[in-house]
Amino acid sequence: MELFFQDLVNGILAGGIFAVIALGFSLVWGIMNIINLAHGAFVMLGAYIAYVLFSAFHLDPFISIPIAFVLMFGFGYAVQRYVINFVVRAPMLTTFLLTFGLALLIVNVVLVIFHGDIKGITTSYSGANFTLGPVTVPWAKFLTLIAALAITVLMQLFMTRTKTGRAIRATSMDIGAAQLAGVRVAHIYAIVFGLGAGLAGAAGVLVSMSYSLQPSMGDPFIIKAFVVCVLGGLGSVEGALIGGLVYGILESFGSQWIGTGLQDAVALVVLLIVLVVRPRGIMGKATA
Amino acid sequence: MKNSRIAAICAAALVAVLALPATVTPAAADDSTIVFGAALAATGRDSREGALTRDGYEFWKDYVNSHGGIKVGGKTYKVAIEYADDETNPQTAARLVEKFISQDKVNFILGPYGSPNSASAAAVVERYKVPMVEGNGSAEKIFNQGFKYTFAVLSPARRYLEFVIDMALHQKDKPKTVAIVSANDAFSIEVAAGANDYALAHGLKVVYNSKYPADTTDVSGIVSAIKATNPDLILNGGHLQDAILLQRGFKEQNVNAKVFAYSVGPDTPDFRKTLGKDADYVFGGTQWSPTAKYKGAPGFITDSKVYAAEFAKKYGHIPDYHNAESSATCLAFQYAIEKAGSLDPQKVRDALASLDVVTFYGLLKFDDRGINIYKPMAVNQIQNGELKTVWPTGVQNAQPIYPTPDWSKR
Amino acid sequence: MAAEAASGATLRRVGFGGITGSRGAFFACCGLLVVLLAVPSLHNGYIENLFRGVLMFATLSLGWNVIGGYTGYVSFGNVVFFGLGTYTTAMLWDKLHQQNIAIAIVTAMAVAAIFALVLGVPILRLRGHYFGIATLGIALATQEIIANIDWLGGGSGVTIRQIDNFSLYYYAMWAVCTASFLATFLIARSKLGYAFVAIRENEEAATILGVDPTRYKVLAWMISGMMAAAAGAVFAGANGFIDAPTAFATDDNVFPIVMAILGGVGTIAGPLVGALVLTAINETLWSHFPEIHTLFFGAVIVLVVLFLPRGILWLFKLRGGWRGFIASLKVYRV
């Protein structure tokens, strides 16, 4: 019975990270209709930024979060404005492959700079934990969850309370009307992509504290991001959060009962069930 | 429609692909150098271990070249080693080995790191009938295929953790239960199987035995499950990355046991560096230790302590068993070539098959499958940040600290 | 939706060509295949390996072309069929000590066909992005499941004893590639091909006109799967060792797509030309820059997608010279 609660907590803790990763992914997909296969690579870049800042300046990863966000935002903005923009309205195959190629490029540049060996961040509080009844909660993972929730809340405020946020939502609803209202769509698209990258970078910092770092670490997150988006509902911040937490729990129990090696199989089954039973996801709005 | 242009493209591409090999110049295979080809991981999951292997090969090469080279028949030859990155990918390893043999025309092949890569390289050398000696792929599966041209100087994977259990059984406060967890790859599976069988044969109860994907990044579920079974011994078959993740996970979830043991990890400097104090008290199975008391045959360093000192002088750290077994790999070739008195692949292969020589690393002798079942393994433990050999008593330079103190008491 | 219809019109305006592509390309490829028959006589293991790879990728690309190019359902997981093919050969050897390549190919094709049939009906109901990611998910999940079944070799993989006449693997791959090439040719010129393209251009309209989309989509996926599985069956024997990561490698998943694009999606000759050119590029990079060849390859993919989205062959059909080229690049931007 203890194991059940420990699995539940493990799932929630992991789910926070999934939520932030999915948030950026969902933003780009929902608003620009682009599935960014380089999203995992962006997460990886965030993790490596945290690693560099930690090993060179002993900067605690939590402080690196906003730094990584800003750096990755700039990077994402540039990538969209000057590369992806050329194919932003092309058929799906083109954008799929372009983002795949970008991912390959990014991963290999990191490989050349940092080499393939596994790196990790070990802070002074890594391993420290507290107990909650029968459950042991590692401090690092707990603080990660808090950070993830904070990021989600901030994003929601941004989307609803700021002018840019409203411009973004207008563009996603009707691009023609938005242009007529004076929205510079190319700029908005670049901002959206930059936000997606920034969120991925922030998530990467969170990931770096609990997982080990290598250039290919971002790959598994793409499928998970996709499933979380479908599960939670595309186009909403709450959707990404709920989807992330639910998926984290599902994966935790799934690994325990079916076998740790079958995480992606679990993801796929969840995906297929959702697509058949409730395609709009838990929090999604029914579309025509 | 420009048909001719399409034909031109096709023809150009065809010619380009055919002409490619000509652009890559093979190693200068001159008359007085023995050339070895080595496909090693410089990138990918096993890149650290690949680097350790390479250092072991290079150390041997530099020693041999500065001490007159290898005598073949009446002539003395220098040694050269060609390296290529197999990206921790078995297919790439096979392609590289094939290229070494058919394009670059090397004399012999030194094995890659890791069992999958060794397995796929073994298939290639078998086809071309060129002998290969390896020191880093211990899965017995490789040697149950009936191959005649592959030899391994290291003890089989199954043995890695057996002596850890043996050590625990010889202490007061004997263990009763064992938890085994392993990565889902050939080497780790065999380590786990060996540990499992040994434990059962010696009256221990195996309370947990499961596998995780080889490139896993999150082990919290496994750690929780192990904790729930409350084992006395926790044994892991895997590689450096998983060892670090697991040890960290055990601290995070406050899992205590009498023994934490890993097949790969504790011996490498990176394990101790990354985990710091959390690495203390961890046990590891080892193929070799600087405390080994073998007296090697002439032609190379005869004493383990001297090998360790010379290696440390050159590379800045005490050699771990990966370094040593890689040097031993080359040693096997050295003695076999001298015994055969020729560079003919067949003769060298036969000399390898009948090799029987003691080295600083241990006895180099292969059974009829090609693997070295004649060399025993030992157990190391990290004590206060330093690696000590603690079992068997014949080679120990420190007593094992058993049982491992609780996390809260450290 | 509107964007896709508009892009279709743009495609026709810049001269995309019909279903069969150009005749010249087709005959050039026939000639190429004949020439490739001579490779084993060079007695160079490395070159034979290289061209066997070209033939293998060409087959995978031809297979992908059927479902992705002609039918318009972009599959990002066709490697699952390749992997199933490799394991078929592995199991035939491991359990039955059967080394016959022809038997392996036929069995692999049967396995792939059943797999595509069973999964195709639910999966092919998804469109666009969802179908793409679902196929990716299937490939990943199948890889994981197989890696966890000990009877299939589990994490250790399976070693396959190779036949003595090693060049037979080359000829077998050649046969598989040529058969796939001819099959594509026959399909393109038949009612089947028109049904596929009709589904791609406008699935609803096709239904009204009497084309049962489910039946044809599944058939397309089955055909593409059978080609991939046949290639996998031969590859396993040639490689001598199969484990889950080798069988379902990402390279084998993505390269065929890039090759199809490079050569020309939805044409007969495209995949073969793309396979040859891309292998030439990849091999050159690998020989001269082993450390960073994957990096260059990522750059190649990006450049191909940005500047040659309709393939090399289209470059010669383009009207309007440089201006036309630049204009075509601006079609999809915002």
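The values are calculated or read from the model by the stated rules, or taken from the named source; none is laboratory data. Predicted model only: the values in this text are computed from it and were never measured. Positions of Cβ are backbone-derived with ideal geometry, glycine not excepted, and every protein chain shown enters the neighbour counts. SASA here: full protein model, heavy atoms, side chains in, ligands and nucleic acids out. Shrake-Rupley method; radii C 1.70, N 1.55, O 1.52, S 1.80 Å.
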(request) For residues that are within 14 Å of chain C (Cβ to nearest Cβ) and among the β-branched types (Val, Ile, Thr), scanning just region A:271-284, find the one that is least open to solvent (accessible area, probe 1.4 Å). (result) A:Val274
(request) Would you mind stating whether A:Val70 is modelled with pLDDT of 90 or more and buried (at least 17 other Cβ atoms within 10 Å of the Cβ)? (result) no
(message) Among the listed residues C:Val79, C:Val111, identify the single one that is β-branched (Val, Ile, Thr), open to solvent by less than 30 Å² (accessible area, probe 1.4 Å) and more than 12 Å from every other protein chain (Cβ to nearest Cβ).
(response) C:Val79
(request) Please give the number of the condition A:Met217 fails out of (1) out of contact with any Ser or Thr (no Cβ under 8 Å at 6 or more places or on another chain); (2) of a type in the set (A, V, I, L, M); (3) closer than 30 Å to B:Ala183 by Cβ. (result) (1)
(message) Checking the conditions here, which among A:Leu199, A:Leu213, A:Leu206 is within 29 Å of A:Ser126 (Cβ to Cβ), in contact with a Lys or Arg (Cβ under 6 Å, 6 or more places away or on another chain) and not charged (D, E, K, R)?
(response) A:Leu213
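Residue by residue, here is whether (1) open to solvent by less than 40 Å² (accessible area, probe 1.4 Å); (2) closer than 30 Å to A:Gly116 by Cα; (3) within 14 Å of the chain's Cα centre (by Cα); (4) at pLDDT 80 or above holds:
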{"position": "A:Val246", "(1), (2), (3), (4)": "no, no, no, yes"}
{"position": "A:Ser252", "(1), (2), (3), (4)": "yes, yes, no, yes"}
{"position": "A:Val266", "(1), (2), (3), (4)": "yes, yes, no, yes"}
{"position": "A:Val269", "(1), (2), (3), (4)": "no, no, no, yes"}
{"position": "A:Ala286", "(1), (2), (3), (4)": "no, no, no, no"}
(request) State yes or no: is C:Ala280 touching a helix residue (DSSP H, G or I) at 6+ places or on another chain (Cβ under 9 Å), surrounded by fewer than 24 Cβ atoms within 10 Å (Cβ to Cβ), facing chain B (nearest Cβ under 9 Å) and touching a residue at least 60 places away in the same chain (Cβ under 8 Å)? (result) no
(request) Determine whether C:Val273 is at pLDDT below 90, farther than 25 Å from C:Tyr87 by Cα, open to solvent by 10 Å² or more (accessible area, probe 1.4 Å) and among the aliphatic types (A, V, I, L, M). (result) no
(request) Name every residue in region B:373-401 that is crowded, with 19+ Cβ neighbours inside 10 Å and either at pLDDT 90 or above or in contact with a Pro (Cβ under 8 Å, 6 or more places away or on another chain) (or both), in order of residue number. (result) B:Ala378, B:Val379, B:Asn380, B:Gln381, B:Ile382, B:Leu387, B:Thr389, B:Val390, B:Trp391, B:Pro400
(message) Suppose the filter is open to solvent by 30 Å² or more (accessible area, probe 1.4 Å) and without any contact (Cβ under 8 Å) to a residue 60 or more places away in the chain; does B:Tyr63 pass it?
(response) no
(request) Using the structure shown, decide if A:Gly46 is away from chain C (no Cβ under 14 Å), open to solvent by less than 40 Å² (accessible area, probe 1.4 Å) and within 13 Å of the chain's Cα centre (by Cα). (result) yes
(request) Give region A:1-37 a look and list any residue that's touching a Cys at 6+ places or on another chain (Cβ under 7 Å) and of a type in the set (S, T, N, Q), or say none. (result) A:Ser26
(message) If C:Leu209 meets every condition in (1) surrounded by 24 or more Cβ atoms within 10 Å (Cβ to Cβ); (2) among the hydrophobic types (A, V, I, L, M, F, W, C); (3) free of Cβ contacts under 8 Å to residues at least 60 places away in the same chain apart from one, which number is that one?
(response) (1)
(message) Please go through region C:123-143 and give me each residue that is more than 7 Å from chain A (Cβ to nearest Cβ), in a helix (DSSP H, G or I) and open to solvent by 40 Å² or more (accessible area, probe 1.4 Å), ordered by number.
(response) C:Gln143
(message) Can you say whether B:Thr229 is without any contact (Cβ under 8 Å) to a residue 60 or more places away in the chain, surrounded by fewer than 22 Cβ atoms within 10 Å (Cβ to Cβ), of a type in the set (Val, Ile, Thr) and out of contact with any Cys (no Cβ under 7 Å at 6 or more places or on another chain), as far as the supplied structure shows?
(response) yes
(request) Taking the options B:Asp267, B:Asp197, B:Asp242, name whichever one is closer than 27 Å to B:Ala139 by Cβ and out of contact with any strand residue (DSSP E or B) (no Cβ under 9 Å at 6 or more places or on another chain). (result) B:Asp197
(request) Run A:Ile113 past the list (1) modelled with pLDDT under 85; (2) open to solvent by 40 Å² or more (accessible area, probe 1.4 Å); (3) within 14 Å of chain C (Cβ to nearest Cβ) and report the number of the one that doesn't hold. (result) (1)
(request) Report whether or not C:Leu50 is buried (at least 24 other Cβ atoms within 10 Å of the Cβ) and over 25 Å from C:Val197 (Cβ atoms). (result) no
(request) May I ask you to verify whether A:Phe193 is away from chain C (no Cβ under 14 Å), within 22 Å of the chain's Cα centre (by Cα) and modelled with pLDDT of 80 or more? (result) no
(message) Here's a check for you: in region B:70-119, which residue that is of a type in the set (Asp, Glu) and more than 9 Å from chain C (Cβ to nearest Cβ) is farthest from C:Phe166 (Cα to Cα)?
(response) B:Glu82
(request) Just one of (1) out of contact with any Gly (no Cβ under 9 Å at 6 or more places or on another chain); (2) open to solvent by less than 50 Å² (accessible area, probe 1.4 Å) trips up A:Leu213, so point out which. (result) (1)
(message) Would you confirm whether or not region A:55-63 contains a residue that is within 22 Å of the chain's Cα centre (by Cα), of a type outside the set (Val, Ile, Thr) and either open to solvent by less than 40 Å² (accessible area, probe 1.4 Å) or within 14 Å of chain C (Cβ to nearest Cβ) (or both)?
(response) yes
(request) Select from region A:269-288 the residues that are in a helix (DSSP H, G or I) and touching a Leu at 6+ places or on another chain (Cβ under 7 Å) and list them in ascending order. (result) A:Val270, A:Val274, A:Leu275
(message) Take the residues in region C:302-331 that are assigned to a loop (DSSP other than H, G, I, E, B), under 26 Å from the mean Cα position of the chain (by Cα) and at pLDDT below 70; name whichever of them is nearest to the other protein chains (Cβ to nearest Cβ).
(response) C:Phe316
(message) Restricting to region B:261-270, count the residues that are surrounded by fewer than 23 Cβ atoms within 10 Å (Cβ to Cβ) and more than 8 Å from every other protein chain (Cβ to nearest Cβ).
(response) 1
(message) Looking at A:Ala202, A:Ala240 in this structure, which one is over 19 Å from A:Asn33 (Cβ atoms) and more than 14 Å from chain C (Cβ to nearest Cβ)?
(response) A:Ala202
(request) Being more than 12 Å from B:Ala38 (Cα to Cα) and of a type in the set (Phe, Trp, Tyr) is the filter here, so list the residues in region B:85-141 that pass it. (result) B:Tyr128
(message) So in region C:128-168, with the set limited to residues that are more than 16 Å from C:Thr86 (Cα to Cα) and small (Gly, Ala, Ser), which one is modelled with the lowest pLDDT?
(response) C:Gly128
